[in-house]
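Laboratory data are not the source of any read-out in this text; all were calculated from the coordinates shown. Since we're looking at a predicted model, the values are computed, not measured. Cβ placement follows ideal geometry from the backbone for every residue including glycine, while neighbour counts extend to all protein chains displayed.
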Amino acid sequence: MAQPVLAVVAAGAMGAAVGKRLTTAGLTVLTTLAGRSAATRKRAADAGLEDAALADIAARAHWTLSILPPSEAETFAKAFRDAHQQAAPTRPVGFADCNAVNPTTVKRIAALFKGTPIKFVDAGIIGGPPQGDYDPVFYASAAPEDTVELDEFASLKQWGLNVKALRGEGAGVGDASALKMSYAGITKGIIGICTTMVLSAHASSPATANALLHELSDSQPVILKRIIGSTPGMLPKAYRWVGEMEEISAFVADGLSHAESSSTQAQIEGAGEGLTHLGLARLYERVAKALTDTEEKGEDTAEVKVLKNFVKDAKEVVEPKK
């Protein structure tokens, strides 16, 4: 592919970092900042992203990467399709859904582009925002008949996008998202379970939480080190993980029931295991609210204080053992 024009929507922590990786490689990268906050605008400027109307993006970008909260993924895809129809560009364009949505959701999004010139790729990002020598992986899959589109998206690797194409038996739209759901369900699920039990132990009594800390240090040191390493980073991200846990719940429930329901809630109902990550969604919702209250009050609320103190005390227990 000749040097392409790309678009990244939106310029959040991940989107801006991905955009910066691409602009550093010499590409023009568009985004839309309509209605966005001052913080988002600054991230976009620092990353070298060019503000453009959605119609302009639909007309100019060879590929648009949708990197949004899960709840916004389908709405944005519809808006992009409509903007593309109005712009009526003379060449086909590509749209990659890179959001943490379950396979049924991404198949609905893919269906929006049926019968249009828009090429669709299902992409799941595994890892954090790119920085330094580190890059997350963009796992990508497409319909069996869209191998050319998948190859084209994979070729963006030459511009700094770490793409790994999913190919082979049964691979298609939904598989990249399924991989993302499975991986995040494990990694963020473990963090959520640990957070839940630390808060629950402390709710029983501070002595219980202290005993839990020392028992983990004695019998499960790897888990305790994971709590130390993951908790500080989880706190500011908890609000973003609520929707992701809900999508994972739907993914699990859908797999168990073998049904492809039209809504996330309908997918979850009727499958017990599908409630596992729904419970973690409520946990992350609770943590996010506690962090918001902390910021508004200027002092740590109960949940934030418990988690920060647990990490601080755990470090004091673990360090001497080194």
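Some observations on this one:
- Under 5 Å between amide hydrogens, built in the peptide plane, is the criterion, and for Leu166 it picks out Ala140, Ser141 among residues at least 5 positions away or on other chains.
- Radius of gyration, Dmax [the chain; alpha carbons; angstrom]: 21.2, 69
- Here the range 98-204 is treated as a Stokes sphere of Kirkwood radius computed over C-alpha pairs; at 4 °C and 1.567 mPa s its diffusion coefficient rounds to 85 µm²/s.
- Its Cα centre serving as origin, the chain has a Cβ charge dipole (Lys and Arg +1, Asp and Glu -1) of approximately 640 debye.
- Couplings 3J(HN,Hα) of the range 312-318, computed from phi: 4, 5, 5, 4, 5, 7, 6 Hz, in residue order, whole Hz [Karplus 6.51 cos²θ - 1.76 cosθ + 1.60, θ = phi - 60°; x for Gly and Pro].
- Built from the Cα atoms of the range 4-160, the convex hull projects on average onto 8.5 nm², one quarter of its surface area.
- Spin-label pair Asn309-Ala171: with each label point 7 Å from Cα along the Cα-Cβ axis, the two points sit 5.1 nm from one another.
- Cα lying deepest toward the dipole's positive end in the chain, options Ala25, Leu213, Cys194, charges on Cβ: Ala25
- Each principal axis of the Cα cloud of the range 268-308 was taken in turn, and the coordinate range along them, longest first, works out to 42, 17, 9 Å.
- Ranking of Met181, Met14 by count of other Cβ atoms within 10 Å, fewest first: Met14, Met181
- Of all beta bridges that DSSP places with both ends in the chain, some 20 percent have antiparallel geometry.
- Long-range amide H partners of Val173 with built H, under 5 Å: Ala142, Ala143
- Computed E for Ala38/Ala88 - FRET, C-beta separation, R0 35 angstrom, nearest 0.05: 0.55
- Scanning residues 5 or more positions from Glu50 or on other chains, those with amide H under 5 Å from its amide H are Val29, Leu30, Thr31, with H placed 1.01 Å from N in the peptide plane.
- Judged by the ratio a/c of the largest to the smallest principal axis of the C-alpha gyration tensor, the range 128-191 counts as oblate, that ratio being 1.5 or greater while a/b is no larger than b/c.
- Cα extents of the range 176-321 along the three principal axes, largest first (Å): 51, 38, 29
- Relative protection proxy for 219-229, 188-198, from highest mean packing down: 188-198, 219-229 (other beta-carbon atoms within 10 angstrom).
- Dipole of the chain computed with +1 at Lys/Arg Cβ and -1 at Asp/Glu Cβ about the Cα centre; of Pro69, Gln131, Ala58, farthest Cα towards the positive end is Gln131.
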